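Engineer: Pasting in a structure now, in C-alpha cells, and then I'll have a few things to ask.
The values are calculated or read from the model by the stated rules, or taken from the named source; none is laboratory data. Here the structure is a predicted model, which is why all the values come from computation and not from measurement. For neighbour counting, all protein chains shown are included, and Cβ atoms are generated from backbone atoms with ideal geometry for every residue, glycine included. Surface areas here come from the heavy atoms of the whole protein model, side chains and all, with no ligands, DNA or RNA. Shrake-Rupley method; radii C 1.70, N 1.55, O 1.52, S 1.80 Å.
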Amino acid sequence: MEYKKIVCPCCNKEVSIPISRYGKDYEFDYGTLINSEEEFFDLIDMCPECGYVMLFDYGVSEDNREFVASEYYQEIFKNPDIEEGLKKWILYAVLSESYENLTEAGIAYTKAYDYLELKNMELDQRLILKAADCFLKSADENESFIDLYLGVDAMRRAGELQRAEKLLDAACEVYKGEMVDELVWQEKMHIFLESTKKEYLDIEVPE
C-alpha cells in the first residue's frame, strides 16, 4: 500500500496516510455516494494521531478540535474492536452531526451500515436507525423531500416497514411532482417486497 504525507488540519501534526484508490478530485455527489459500493469505502482519510476524519473540506474550528479531542470521539477512535474502514464512517457521521450537517451525517451512518452488509459482518441496526433519525430531522428543518425519502429508505432497511409506508403516504400529501411520484413508487415496491437490503436509489442529492 502506498502512503502520502499530510499535515492534519486538526492536530497540525505531519502524518502518513494510505493513498485511496479515488482521489478527492474524483467527481461524485451525494447521490453517487449513497449508491456506492466497495470502491468508495476508502475515500475517507483518518489522522492516525488524533483520529480526525476528512472527506469534504469544511475547515476545522476550535469547536471541531474540542469535539475530536472529546472522550466520546476518542473512545470510538481508540476502540480496537471496530474495524478501521467501519470506524472512519462512524467517526465521519458523528463529526458531521457536530457540524449540524444532518444530511451528511445520515449518509455517513448509511455508509457504515452498507459497509457491514457488504463485508457480511453482523449488522448493527443502531447505525441505520441513526441514519433515519438524521435524515428525518433534516427533512423537518429544510422541508426536503429527498431527506425524507432517504429517511424512509433507512427506516425500511431497519425493518420498520409500516412506519416507512405511513411516512411515504404523508409525504404525498405535502410533496407533488413526477420525481416524487417515481421515488414513492420505487420505495413502495421495496416495502411491498419486504426488502431490508440496500437497493439502488435513483436520486441526486444536492450539496
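Engineer: Among the residues of region 190-199, is there at least one that is open to solvent by 20 Å² or more (accessible area, probe 1.4 Å), free of Cβ contacts under 8 Å to residues at least 12 places away in the same chain and of a type in the set (D, E, K, R)?
Structural biologist: no
Engineer: Kindly list the number of the only condition in (1) touching a residue at least 12 places away in the same chain (Cβ under 8 Å); (2) open to solvent by 70 Å² or more (accessible area, probe 1.4 Å); (3) of a type in the set (D, E, K, R) that fails for residue 122.
Structural biologist: (1)
Engineer: Assess whether residue 96 counts as being part of a helix (DSSP H, G or I), under 24 Å from residue 184 (Cβ atoms) and within 14 Å of the chain's Cα centre (by Cα).
Structural biologist: When the stated conditions are applied, residue 96 does not pass them.
Engineer: Output the residue which, of all residues in region 88-106 that are surrounded by 23 or more Cβ atoms within 10 Å (Cβ to Cβ) and charged (D, E, K, R), is modelled with the lowest pLDDT.
Structural biologist: So the residue we want is 104.
Engineer: Which is within 13 Å of residue 129 (Cβ to Cβ), open to solvent by 10 Å² or more (accessible area, probe 1.4 Å) and part of a helix (DSSP H, G or I), of 163, 156?
Structural biologist: It is 163.
Engineer: Of everything in region 135-146, what is farther than 22 Å from residue 91 by Cβ and either under 13 Å from the mean Cα position of the chain (by Cα) or in a loop (DSSP other than H, G, I, E, B) (or both)? Give them in sequence order.
Structural biologist: 143, 144
Engineer: I want to confirm something. Restricting to region 111-134 and keeping residues that are under 12 Å from the mean Cα position of the chain (by Cα) and among the aliphatic types (A, V, I, L, M), which single residue is farthest from residue 168 (Cα to Cα)?
Structural biologist: 112
Engineer: Further, regarding this structure: Test each condition in (1) assigned to a loop (DSSP other than H, G, I, E, B); (2) farther than 29 Å from residue 82 by Cβ for residue 195 and report the one that comes out false.
Structural biologist: All conditions are met except number (2).
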